[in-house]
Amino acid sequence: SASLAPIYVGIVFLGFTPDHHCRSPGVAELSQRCGWSPAEELNYTVPGLGSAGEASFISQCMRYEVDWNQSTLDCVDPLSSLAANRSHLPLSPCEHGWVYDTPGSSIVTEFNLVCGDAWKVDLFQSCVNLGFFLGSLVVGYIADRFGRKLCLLVTTLVTSLSGVLTAVAPDYTSMLLFRLLQGMVSKGSWVSGYTLITEFVGSGYRRTTAILYQVAFTVGLVGLAGVAYAIPDWRWLQLAVSLPTFLFLLYYWFVPESPRWLLSQKRTTQAVRIMEQIAQKNRKVPPADLKMICLEEDASERQSPSFADLFRTPNLRKHTLILMYLWFSCAVLYQGLIMHVGATGANLYLDFFYSSLVEFPAAFIILVTIDRIGRIYPIAASNLVAGAACLLMIFIPHELHWLNVTLACFGRMGATIVLQMVCLVNAELYPTFIRNLGMMVCSALCDLGGIFTPFMVFRLMEVWQALPLILFGVLGLTAGAATLLLPETKGVALPETIEEAENLGRRKSKAKENTIYLQVQTGKSPHT
């Protein structure tokens, strides 16, 4: 789980854009001859500095059409001999590359992804989300058809290889293709691991293991800031986060296949053998009738996963559509809030570190409330908090920056709670033989949200700066209302069949009816 963090948000460090200006032949030599400081060199040779309007674009993407090698240039004000006012000097786009103000390197500095090519940085990140989406359509089927363990091992191997290939890519195009491949398998690896741990444990431990698995992702975020600070070169950073993932191939010897999946595939002997091994390692005595385990399912029910199974019955269809919307709205809220607020300080590493720490309280809130209250009400409340925080930010004056940041943190915390809990609910609402497929298909809407969010945010901000916040608010509030239509899964055994998944919302009421009936019979028995 922690290893997914550099893939999901590694663009922050791999693709950071430092201050830059055009490289002009002769400027370095003139600066050395005149003894200029770096600030003086910029002031004398870079257009647009110190002015308003489009100063950033002009200073970063335009240069004076001046031959800096001519000997007539003065050291005090070299351009004064060419024009009375330097604003009258002709400008042209950068032709000889750029000079970057950074001690390290990124894909931006190496491939010059600035000015007219700045969109290529966004494309680099979009390829990851596009890979997540494409992988969701394939990897989920593989995990449900051929097993969680095989899927985990194969996707881990491809993730590690594509990460290393990205680090040694000779050009932008090949780097893009390797990044797309990594996106296609890395999310499948994460979901396979998530599905495994939720199927290994009973309902009493399921929520703890699921939340801790996602807390590990936050640990990965925090650790990434430290690793990136220690390794400022993007290629070595990419290698540093990719090479250790090869160690996960040791899972072949240490992690068994899911007994639940084996039972769903009628491979009872293997499932029993694994459960006996688990009991032995836990120093427990397996039940005497363990070998009699079987699934009582309708003979006509298919055990091969199919996309149509997610919509076969009315309740499954409703659950699938609601979960899709929850995943989409959560992705837009989570990523959109980060983009809208933007970096508030000068230290990239500390900003990333502090913003990552916000997610730990979200996990604590989940662990405290999930057993006492359940799943559905905390998800609904968190969506409502996130949506309300976005709408309130519209009315906060720009001068109260601290209040805007505080509300944004509340919004991100709410989105984080939803993101962590919807994984658990998603796994609990589907039967075993389509559980992984349901996770991948529904969460694919999260990937679509990740692809479109940058365009939604920045295009709407061109119309009105607060317009994205209105969109976030509406998404959060409607998602909160839709969540209340899902059944509560607290303390409910994972469904094994389509029929059990369809009747999830009715189990609790039937149990109450049986309890009342037994109490009545007990009360009458002394008089009979």
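Here are the numbers for this structure:
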read-out	value
Sum of -39500 (n - 2.57) over DSSP H runs of 4+, divided by residues of the chain (222 nm, nearest 500)	-21000 deg cm²/dmol
Full-extension gain in nm, V227 to F146, via 0.36 nm per residue minus C-alpha separation	25.6 nm
Potential extension, N503-E276 segment - 0.36 nm per residue separation minus Cα distance	78.6 nm
Contact order relative to length of the chain, as percent, for alpha carbon pairs under 8 angstrom and 6 or more apart	18
Cα→Cβ-extended label distance, 7 Å offset, between F57 and K284, nm	6.5
Taking only Cα atoms of the stretch 171-232, radius of gyration then Dmax in Å	15.9, 50
At R0 = 30 Å, FRET efficiency that the Cβ-Cβ distance of L350 and F246 yields, to 0.05	0.45
For the chain, the spread of Cα positions along each principal axis, largest first, Å	118, 51, 39
10 Å Cβ shell holding at most 10 others, DSSP loop, trypsin sites (Lys or Arg not before Pro): longest site-free stretch of the chain	1-282
Diffusion coefficient, µm² s⁻¹, Stokes-Einstein with Kirkwood Rh over alpha-carbon pairs of the stretch 19-100 at 25 °C and 0.890 mPa s	191
Extension reserve of the L467-F307 stretch, reckoned as 0.36 nm per residue once the Cα distance is removed	54.0 nm
Per residue accessible area of the chain, 1.4 Å probe, in Å²	48
Cβ-derived FRET efficiency at R0 60 Å, D171 paired with R317, nearest 0.05	0.85
Spatial separation of Cα centroids for the stretch 360-411 and the stretch 64-87, in angstrom	56
Sites excluded, chymotrypsin sites (Phe, Trp or Tyr not before Pro) in DSSP loops with at most 14 other C-beta within 10 Å, longest stretch of the chain	1-394
Principal-axis tilt of helix 148-167 within the chain, Cα atoms, nearest 10 degrees	0
Where GluC sites (Glu not before Pro) in DSSP loops with at most 12 other Cβ within 10 Å are excluded, longest remaining stretch of the chain	96-295
V201-T478 pseudo-label distance in nm [points 7 Å out on the Cα-to-Cβ vector]	3.6
Two-site FRET efficiency, L485 against T72, from Cβ-Cβ distance with R₀ of 60 Å, rounded to 0.05	0.15
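The values are calculated or read from the model by the stated rules, or taken from the named source; none is laboratory data. Computed from a predicted model, the values in this text were never measured in an experiment. Using ideal geometry, Cβ is built from the backbone for each residue, glycine included, and neighbour counts are taken over all protein chains shown. To get the accessible areas, we keep the full protein, side chains included, count just its heavy atoms, and leave off ligands, DNA and RNA. Shrake-Rupley method; radii C 1.70, N 1.55, O 1.52, S 1.80 Å.
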